[in-house]
1. What's the number of the condition Glu266 fails, among (1) closer than 25 Å to Phe201 by Cα; (2) free of Cβ contacts under 8 Å to residues at least 12 places away in the same chain?
2. Considering only residues of the range 15-59 that are in contact with an Asp or Glu (Cβ under 8 Å, 6 or more places away or on another chain) and under 16 Å from Val302 (Cα atoms), which is modelled with the lowest pLDDT?
3. Is it true that Asp312 is acidic (Asp, Glu) and open to solvent by less than 10 Å² (accessible area, probe 1.4 Å)?
4. Within the range 415-436, is even one residue in a loop (DSSP other than H, G, I, E, B) and modelled with pLDDT of 90 or more?
5. Quick check on the range 197-237: of everything there that is of a type in the set (Val, Ile, Thr) and not in a strand (DSSP E or B), which residue is farthest from the chain's Cα centre (by Cα)?
6. Would you kindly identify the strands (runs of 3 or more DSSP E) lying entirely within the range 1-110 that contain at least 3 residues that are open to solvent by less than 60 Å² (accessible area, probe 1.4 Å)?
7. Within the range 409-421, track down each residue that is open to solvent by 40 Å² or more (accessible area, probe 1.4 Å), touching a residue at least 12 places away in the same chain (Cβ under 8 Å) and under 18 Å from Arg331 (Cα atoms).
8. What's the total number of residues in the range 195-213 that are open to solvent by less than 10 Å² (accessible area, probe 1.4 Å) and more than 17 Å from Ala123 (Cα to Cα)?
Amino acid sequence: MAIPQHFIDDLLARVNIIDVIDARIKLKKTGKNYSALCPFHKEKSPSFSVNPDKQFYYCFGCGAGGNALGFVMDFEHCSFPEAVEELAKGLGLEVPREHDRGRDIEREKRVKQQYDVLEQASAFFQAQLRQHPEKQKAVVYLKGRGLSGGIAKRFGLGFAPPGWDNLLSAISSERSDAEALLLKSGLLIENEDRGRKYDRFRDRIMFPIRDVRGRTIAFGGRVLTDEKPKYLNSPETETFHKGRELYGLWEARQSKGSLTRLMVVEGYMDVVSLAQHGLDWSVATLGTACTESHLERIFKVVPEVIFCFDGDLAGRKAAKRALDNAMPVMRDGLMARFLFLPEGEDPDTLIRAEGLEAFNERVNEALPFSEYFFKALSEGLDLVSMDAKAQFCTQALPLLQSMQPSVLQQMMLDRISDMTGLTMEQINSVVALQSKVAPQLSQAPRPKPRGEVQADQYSRVPMPDNYSAAGYESADYPADYAETNNFSDFSDRSRSEAPFSGGAPKRRSERPANQSGARIDLIASAISIVLHRPGLARLTFKAEELEGVQGPNIELLSDLLEYFQEDKERSFGTLMFDWEQDATKAPGLLVLNEISHLDPLLESVDAEKLLSDAMSRLMERKLKSELEQLKTWSRERPLTDAEKQRLQTLLLSANKK
């Protein structure tokens, strides 16, 4: 079964030969190209050269040369289909197979015809800008934007005159299949109700969109009247996929000098105007946000990208989307920066007002990728508070986790450690939790509303309204922690009034008013400590001793202690693996993830003492509950001898405190 030629072409357009070869032999940058010792013959000095612009390699010693597919075939000693499979696997693509070679040949012929008719259309639009009776309004508009005839020619700018069938008539006079090809290429619109076809672009300045080979694959049009929309793009076709293409990339690669960076702007006119003023290394997306595919294409050509945005709210939102899409693509050796223009300005108006030198100064002051990352995610957060730090980590860590392993990623994690006070061990624990918990979201049962949670189920962490870091600043809990005062303070209120009487935990607003002051969730605290320091689980109470303690997530704490107490060799990593495989335990991973954010364990804390205090207070809570139960029973019925003995023991113990 043959591999379709269009898939091979697309594959070569998407892979970067530098990445393909550098993964197999060590390349060194030498000027515009890369060099290495040739892997195909023995040599002492490098004669093997790779050209990133042409996506081609050549050895001046032995004459070996070719594209990425050819290199994989020669280096891996594999067949052509195996080389295609290897490259496709690296991009996460599945290789299609053609059972009918004739059908593949027919498609290749059809696509070639579309390229031909698109070139004819481009030539037609350029001719109309020079010759059409109504050309003057287009010329006046372009001159008003400061564009010269030379720059218009370089970008192939044209004019689609007013009228319904100018393009159709012109192309039909040259070829009999014009109508069908123009429809497939997106240049005609068919009105099925009226049974007529008409030109898509009318009375517009035309911008041809070219692929990396310089072939016209689509068009953009800017209206000259009040017609809407102001900008109109070709629809997606067999030759045009707007999520991958960049306007101006081919033109930027044709500019003189070494191309080392690209700036992403919003529109065609920005690209053309910047080139007019000497900045000829900008590109524009085609009505979409800058995607991973766009960035992969950019980094295939240059090691640095600058995102240029307006300074308004829409610009900041677009910048955040670009940041999110850049995270999986960034790696060592690549740079991304973010440039925000004054509100109300765009690159076109600003470079015309300030000139190239002043605009370049702005570019040079653009925020580096990592700096903008921390600025964007911490905006509006007071990172002095624990809540804000937890919120920041919740946003930042998944994004960093999506990055490729690199020195940059590690340095950004170090910065998070400095900002939040979390150790790298704790950060890695949270990251590991998120990576394990995420796959469970679609399968695990959703937590029930608070009122439906039973005492024997995992429940989500109830956080007090005035939750603060105070409890972690020293190893001692607040003195006004009402639930753990000694037994002599215990009142004879009914079970329904007791704060830890089982069943669904009460909301903070529902708890008795006399229990005021800062509160710490002992169970969540204990879970957090064991989660970050598994070895301490073997130094505290046995899991079975918690039986009878009531409160949210008590069974989760018991399960956690039992897991680590059963085998001293167990670790956080084995917990993730084992619980992920256990349908009854997997939902607990979601709660662990939440607790790891809300109750981080600070480095300065004596974790062993903190756990000991928490567990002791939980055991006091258990005894208090047991005493309450026995006293209630004594009012309802005669106690057994064993119950009387137990009541006496508990009362004596309480009086000693």
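The values are calculated or read from the model by the stated rules, or taken from the named source; none is laboratory data. Being a predicted model, the structure only gives us computed values, none of them experimental. Here Cβ is always computed from backbone atoms with ideal geometry, including for glycine, and neighbour counts include all displayed protein chains. For the accessible areas, the whole protein counts, side chains as well, though only heavy atoms, and no ligand, DNA or RNA atoms are used. Shrake-Rupley method; radii C 1.70, N 1.55, O 1.52, S 1.80 Å.
1. With (1) closer than 25 Å to Phe201 by Cα; (2) free of Cβ contacts under 8 Å to residues at least 12 places away in the same chain applied to Glu266, the lone miss is (2).
2. Result: Lys32.
3. no
4. No: zero hits.
5. The selected residue is Thr225.
6. Counting at least 3 such residues, we get 33-36, 48-51.
7. Correct list: Met411, Arg415.
8. Result for the range 195-213: 0.
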